[in-house]
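No lab work stands behind these numbers, since they all come straight from the coordinates. Keep in mind that this is a model prediction, so the values were computed, not measured. All Cβ positions, even for glycine, are placed from backbone atoms using ideal geometry, and neighbour counts span all protein chains on display.
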Amino acid sequence: MGGVGSPADLARAGAASRAWPFEEARKVARRIEARGGNGPAVFETGYGPSGLPHIGTFGEVARTSMVRHAFEVLTEGRVATRLISFSDDLDGLRKVPDNVPNKDMLARYVEERDQAGRIVRNPTPLTSVPDPFGQHESFGHHNNAMLRAFLDRFGFAYEFMSSTATYRSGRFDETLLKMLELHQRVRDIVLPLLGPERRKTYCPFLPILDELNGEKRRQVLHFAQIVEARPAAGTAVFQVVHPLTAEPIGKPFEHSVVGGACKLQWRPDWAMRWAALGIDYEMSGKDLIDSVTYASRIAKAIGATPPDGFNYELFLDEEGQKISKSRGNGLTIDEWLTYASPESLSLFMYQAPRKARRLYFDVIPKNVDDYLAHLSRFEEADTPEKKLANPVWHIHSGRPPRIEVPVSFNLLLNLASASNSEDSAVLWGFIRNYAGPDATPRKYPKLDELVGYAVAYFNDFVKPAKRYRAPDARERAALQRLADEFATLAPGADAETIQNVVYEVGRQAGFEPLRDWFGAIYEVLLGQSQGPRFGSFVALYGIAETRDLIAKALAGELVREPA
C-alpha cells in the first residue's frame, strides 16, 4: 500500500469506497454479520468442463477474487474466506467439441436430439467419457486439469471442487434427501421456465445408470419421473417416460439418489450446491438472471439462504454481437496474451462489469496504456481512499508493483509503424535516443515486454491495415512547412515544444477543426486513421527521422510502399 494507512484506515476507507468490489464486499459483510460474524465467507465460481477454460472463466474468477480481497480488507482479516472453483463435471457430454482429437471416439457418449430439440439419446457424464487426448482418466478429468493449470498460471488462490467427486463422497447427500422430500415443490418452481412438452416430463432428479435397454454405457437419464420418493431409504422409484407424451416406458425401478447415483437438473443442482457448501457469494452473467431467481427460490424452499452476488454484462464481438463459445466469435485469452500482459486483461475485467463492452483486438492497446497510467497514479495517491479507488489496487490485491515505463504502448506501436520495423532491437535504438543511452531491456524489463507485444501487434493488426494516401495541396504545403519548422528545433526538443509547433502550423494552414490536421498527418505519414500525440511521437522517433518521413511522403514514396 505504499505505507498509506493502517488496516483499520483501509477498512474505514473500504466501508465508504465506491469501487464496485467494495460495494459487493459490503453485501457479504452484512450477511456474515447477520449470522453472528461466523465465518468462513465462502465465494464460488462455476466451470462447465465440456470445453477448455476461456476468457470468461478468467473474468469470473478474477472479479470474484477482487471481491474476496475487498471483503478481507473490509473485515481486517478477522473472517476467514474460501474461494471454491466448482466444476460441473457430472454433466453429460452434450456435443463433441471442435478442438479435440479423436472425435469419432466420443461419438457414442454424446447426447442426441431430434429436430424438435428433444433428447433421444442420453449423454454420458463427462467424467465417464474417455479422454480423447489420452492423458487423463476421462475427458472431464482432462478439462479439470486444464482449468487448474489455467488458474494456477495466473496465481489465483482457490479450492478446486469436482461435482463428480463431491456427489460420490456423500457431501451432498443430506441436502439431496431434503430435495427429494420436496421434489414436487422444487418441480413446481421450475415448471414456469419450461415449454408445454417439457413440463410433462420434467423431474429435478436425473438417475445415472450403467446400463439401459441392454446398452452398457454410463448415462444420465433425462426422461424419468419420480413415482415414489423414499427419503428414509435414500432412494426413489423412477419411471422412464416418452419425451413427447410422458407415457410410461417399461417398468418402474428403484434407484439411489445419493452417493453419486443421481445428479440434479442444473437449476436445482445450483441451489443444492449453495445450500450444501454454504455459498455466500457467486456472480453470474446477465443471461442467467432468470436462472438465479429460480435457483434462489429453490434454495429458500429447502431452507437455505441464496448467496449474494451480481449479474455482469456479456462481452460483444467486433460487430457488437454477443460473444458465443459455439460460434467462436470472440477473443481467446491466449490471443490477448500474445499482444498484452495479464494485468491489462485484469483491468479490462475490472472496468464497468455491468456494462456490455466489445472484447476484440482493437481494445488491447488502450487497456495496456490505461493499466500503466493507473499504476503511475497509484504511486501518487496519498490517502487510503485514493489507493482503494485505483483499479491496480484490486488487480494486485493491494500490492501493485513499482515499475518504470518511459514510453507508452501506443507510442511503441506507432514507432513500429513509422519505422516499419519488426525488430525489437531497432525499436530499442529509438528508445535509447529518447530516454538516454542507459535505457536497456535490463533496466526497463517491463518496457522490453511491451516492445515484444508491440512488434507482435504491429505485425498482425497494424501493418496489414496500413493505407497511405497522398496529401492534397493544402496538406502538402502544411507538411513542408512542418518539416521546415522542425529543422529549426534543437535536437533534444521536448514533446510539448514539438506539439506546439505542430499546432501552430495547422492553425496557420487554416485547418478547422485542428483534428483534421492531425488526421491528415496520421493518414499521410503513418497510413492509419488515428495516432498518438504527435509531439510525443516525434520526440521518440526523432526530429530528423520525422523530417525524412515527411520528405518520403511528399515524394510519394510511402504510397508506393507495400503495406
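General remarks:
- Helix 445-457 axis, angle to the chain major axis (alpha carbon atoms, nearest 10°): 80
- Across the stretch 155-172, computed HN-Hα scalar couplings (Karplus, 6.51 cos²θ - 1.76 cosθ + 1.60, θ = phi - 60°) run x, 6, 9, 7, 10, 7, 9, 9, 4, 4, 5, 6, 4, 5, 6, x, 5, 8 Hz from first to last residue, x flagging Gly and Pro.
- Judged by the mean number of other Cβ atoms found within 10 Å, the most tightly packed of the peptides 461-470, 549-558, 50-59 leads the ranking 50-59, 549-558, 461-470.
- Lys/Arg +1, Asp/Glu -1 at C-beta; the stretch 360-489 dipole; positive extreme among V451, P437, A381: V451
- Options Y350, A232, L331, ranked by Cα towards positive dipole end of the chain, top entry (Cβ charges): A232
- Take every pair of alpha-carbon atoms less than 8 Å apart whose residues are at least six positions apart; their mean separation over the length of the stretch 315-395 yields a relative contact order of 32 percent.
- Ellipticity estimate at 222 nm from DSSP helix runs (n ≥ 4, -39,500 (n - 2.57)) divided over the chain, nearest 500: -13500 deg cm²/dmol
- Rounded to the nearest Hz, the phi-derived 3J(HN,Hα) couplings of the stretch 348-355 under the Karplus curve 6.51 cos²θ - 1.76 cosθ + 1.60 (θ = phi - 60°) are 4, 5, 5, 6, 6, x, 8, 10, where x marks glycine and proline.
- Degrees, to the nearest 10: 409-419 long Cα axis against longest axis of the chain: 50
- Proximal lysine pairs, the stretch 315-395, alpha carbons under 28 Å, eight or more residues apart or interchain: 9
- DSSP beta bridge pairing in the stretch 4-150, given as percent antiparallel to the nearest 5: 30
- Using the alpha carbons alone, the radius of gyration of the chain stands to its Kirkwood radius in an Rg to Rh ratio of 1.08.
- 4 °C / 1.567 mPa s Stokes-Einstein diffusion coefficient of the stretch 392-456, Kirkwood radius on C-alpha pairs, µm²/s: 103
- Of the trypsin sites (Lys or Arg not before Pro) found in the stretch 136-232, those in coil by DSSP whose Cβ has at most 16 other Cβ atoms within 10 Å are R171.
- Simple Cβ-charge dipole of the stretch 208-342, Lys/Arg +1 and Asp/Glu -1, about Cα centre, in debye nearest 20: 540
- Positive-end extreme of charge dipole, the chain - chosen from A271, Y202, P307 (charges on Cβ): Y202
- Rounded to 10°, Cα long-axis angle of helix 139-153 versus longest principal axis of the chain: 40
- Long-range HN-HN contacts of Y202 with modeled amide H, under 5 Å: none
- With the biggest extent put first, the Cα atoms of the stretch 7-312 measure 68, 43, 33 Å across the principal axes.
- Among the GluC sites (Glu not before Pro) within the stretch 117-179, those in coil by DSSP and having at most 14 neighbouring Cβ atoms inside 10 Å are E137.
- Pairs with C-alpha atoms separated by more than 21 Å, drawn from the list K200/K251; K95/K263; K103/K263; K463/K552, are K103/K263.
- Sequence-ordered 3J(HN,Hα) estimates for the stretch 364-381 from the Karplus curve with 6.51, -1.76 and 1.60 and θ = phi - 60° stand at 5, x, 5, 5, 4, 6, 5, 4, 5, 5, 5, 5, 5, 5, 4, 5, 7, 5 Hz, glycine and proline given as x.
- Among beta bridges from DSSP that stay inside the chain, the antiparallel ones total about 55%.
- Residue ranges 437-445, 451-459 sort as 451-459, 437-445 when ordered by packing (mean number of other C-beta atoms within 10 Å per residue, highest first).
- Packing, as the average of other Cβ atoms within 10 Å across residues, places the peptides 255-268, 294-307, 472-485 in the order 255-268, 294-307, 472-485, highest first.
- For the stretch 409-560: Kirkwood Rh in Å [reciprocal of mean 1/r, alpha carbons]: 15.8
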